[in-house]
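Q: Here it is: the structure, laid out below.
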Amino acid sequence: MLMAANQVGKTWCAGMEVAMHLTGRYPDEWQGKKWDRPTNWWAAGVTGESTRDNPQRILLGRTGEHGTGSIPKECLVDVTLARGTPDLVDNIKVRHESGEISHLAFKSYEKGREKWQGETLDGIWFDEEPPEDIYTEGLTRTNATSGIIMMTFTPLLGMSGVVKRFLLEKPPNTSVTSMTIEDAGHYTKEQIEMIVASYPAHEREARTKGIPQLGSGKVFPVSQSEITCASFAIPAHWPRINGLDFGWAHPSAGIGLAWDRDSDVLYVTHAHRASQQTPLMFAAAVKPWGDWIPWAWPHDGLQHDKGSGDQLAAQYEMAGLKMLPFRSTFEDGSSGLEAGVMEMLDRMQTGRLKVFAHLADWFEEFNLYHRKDGLIVKENDDLLSATRYGVMMRREAKIKQSKRRFVDTGAHLGAAQGWMG
């Protein structure tokens, strides 16, 4: 899935790949899936008109100019027009390098799921996000061939079922590629600034960065760029604390925080997130951050393991992490989710919470963290929860103690022992 900004070339990218699979003409450097036989494909848009104007235009060229698109003219064997929509093509036949014929039919979502039944395909290209039932029906068409499903769209529908499937559920053998307007080489810096400013604030991240539009549902209505900073060496006099969110089926997550107390700025410096890691495995991954740094943890760390009978937090302590002796709370003893989120938001908006730019997993959660019916959706929030615990417990942050050797010079003995001859 290529989930990207508007007008950055995502449709061209998919069109070139589909042409390669239809013709069998792969560049030498191609490392993706290949067929040495002719293939059968569908390409689709929202309506007949959008299918004609987007995937059809990219593959064939504009109306009256077929053979000027990504499929070379000499490979086009036959082009059959559809009924109803002017200039819409129904299907094409393409000469494959094997000498046999590949087939591609153009479809649309507006015809409904029933029109997506029956066929067995090698691949489907969805140009623009499909309804979930059509996506599932299309996926079924490729089961027997272990084929390819490709999607190219700007996520203006927000956290839809299709987007959730890829970004939160992350099924095996799926991949999400993101592309921002800054990644597109055909825009100047001045053009980018003008384009970004032209969009309503609630659409900017979707249209210019390919981040699902969440609008008022976004928990942290702050631009990623406002809280991002380049990594740097942490000064030795800054206190440090880590935050831990326990997990198994959903990931265990840990973050590192450094506190510049002079300006009261907290920096998220490290992040680790992994599913099905034992305390010992998790500890091995995060100990390099500093085995002296204390760890803040939530109330479920008080639960006892059914097998060993040990508390969960104690298991991580035994694995070598310096766990705080009590769960995470504010100074008044409370630990509310909303209060913790509001403190993080306040710090973000006032420049007092920064995140190292290379922590991609942390920013993934940040950009997708949203509300539904006014309530925070507790999904894909493991690193954010760990951050919240660390922020709450920053009063327990510690400075690494230097190991100084004491050298007895004997100077302290003079006054007590007097002159020795």
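The values are calculated or read from the model by the stated rules, or taken from the named source; none is laboratory data. Note that the structure is a prediction, hence the values are computed from the model and not measured. Glycine gets a Cβ as well: all are built from the backbone with ideal geometry, and neighbour counts include every protein chain shown.
Here's the yes/no breakdown for (1) basic (Lys, Arg); (2) under 18 Å from residue 45 (Cβ atoms); (3) touching a helix residue (DSSP H, G or I) at 6+ places or on another chain (Cβ under 8 Å); (4) surrounded by fewer than 14 Cβ atoms within 10 Å (Cβ to Cβ):
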position: 122; (1), (2), (3), (4): no, no, yes, no
position: 127; (1), (2), (3), (4): no, yes, yes, no
position: 152; (1), (2), (3), (4): no, yes, yes, no
position: 166; (1), (2), (3), (4): no, no, no, no
position: 172; (1), (2), (3), (4): no, no, no, yes
position: 198; (1), (2), (3), (4): no, no, no, yes
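Q: Now for a different question. Pairs only if they're at least six apart or on different chains, beta carbon under 9 angstrom, first in the range 84-98 and closer than 17 Å to residue 61 by Cβ, second surrounded by 15 or more Cβ atoms within 10 Å (Cβ to Cβ) and of a type in the set (Lys, Arg); list them, first residue then second.
A: These pairs meet every condition: 86/52; 87/52; 88/52; 89/52.
Q: Could you look through the range 176-194, keep only residues that are touching a residue at least 60 places away in the same chain (Cβ under 8 Å) and surrounded by 13 or more Cβ atoms within 10 Å (Cβ to Cβ), and pick out the one that is farthest from residue 164 (Cα to Cα)?
A: Applying the filter and picking the extreme gives 184.
Q: Residue under question is residue 333, and the condition is that it be at pLDDT 90 or above and exposed (fewer than 11 other Cβ atoms within 10 Å of the Cβ); does it hold?
A: Numbers: at pLDDT 90 or above: yes; exposed (fewer than 11 other Cβ atoms within 10 Å of the Cβ): yes.
Taking the combined requirement at face value, the residue satisfies it.
Yes or no, residue by residue, for (1) surrounded by fewer than 17 Cβ atoms within 10 Å (Cβ to Cβ); (2) without any contact (Cβ under 8 Å) to a residue 60 or more places away in the chain; (3) outside the structural domain of residue 154 (by TED's automatic domain parsing):
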{"site": "17", "(1), (2), (3)": "no, no, no"}
{"site": "50", "(1), (2), (3)": "no, no, no"}
{"site": "62", "(1), (2), (3)": "yes, yes, no"}
{"site": "66", "(1), (2), (3)": "no, yes, no"}
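Q: Could you tell me how many of the residues in the range 1-39 are among the aromatic types (Phe, Trp, Tyr) and not in a loop (DSSP other than H, G, I, E, B)? Outline the logic, then answer.
A: Step one: list which residues in the range 1-39 are among the aromatic types (Phe, Trp, Tyr), which gives 12, 26, 30, 35.
Restricting the remaining residues to those that are not in a loop (DSSP other than H, G, I, E, B) gives 12.
Residues that pass the stated criteria total 1.
Q: Buried (at least 19 other Cβ atoms within 10 Å of the Cβ), modelled with pLDDT of 95 or more, touching a helix residue (DSSP H, G or I) at 6+ places or on another chain (Cβ under 6 Å) and farther than 17 Å from residue 39 by Cα - does that describe any residue in the range 70-87?
A: No, the conditions are met nowhere in the range 70-87.
Q: May I pose another question? Would you mind finding the one in 280, 345, 324, 353 that is within 18 Å of residue 382 (Cα to Cα) and either buried (at least 16 other Cβ atoms within 10 Å of the Cβ) or touching a helix residue (DSSP H, G or I) at 6+ places or on another chain (Cβ under 9 Å) (or both)?
A: Numbers: 280 fails: within 18 Å of residue 382 (Cα to Cα); 345 fails: either buried (at least 16 other Cβ atoms within 10 Å of the Cβ) or touching a helix residue (DSSP H, G or I) at 6+ places or on another chain (Cβ under 9 Å) (or both); 324 fails: within 18 Å of residue 382 (Cα to Cα).
Of the residues listed, the single one that is within 18 Å of residue 382 (Cα to Cα) and either buried (at least 16 other Cβ atoms within 10 Å of the Cβ) or touching a helix residue (DSSP H, G or I) at 6+ places or on another chain (Cβ under 9 Å) (or both) is 353.
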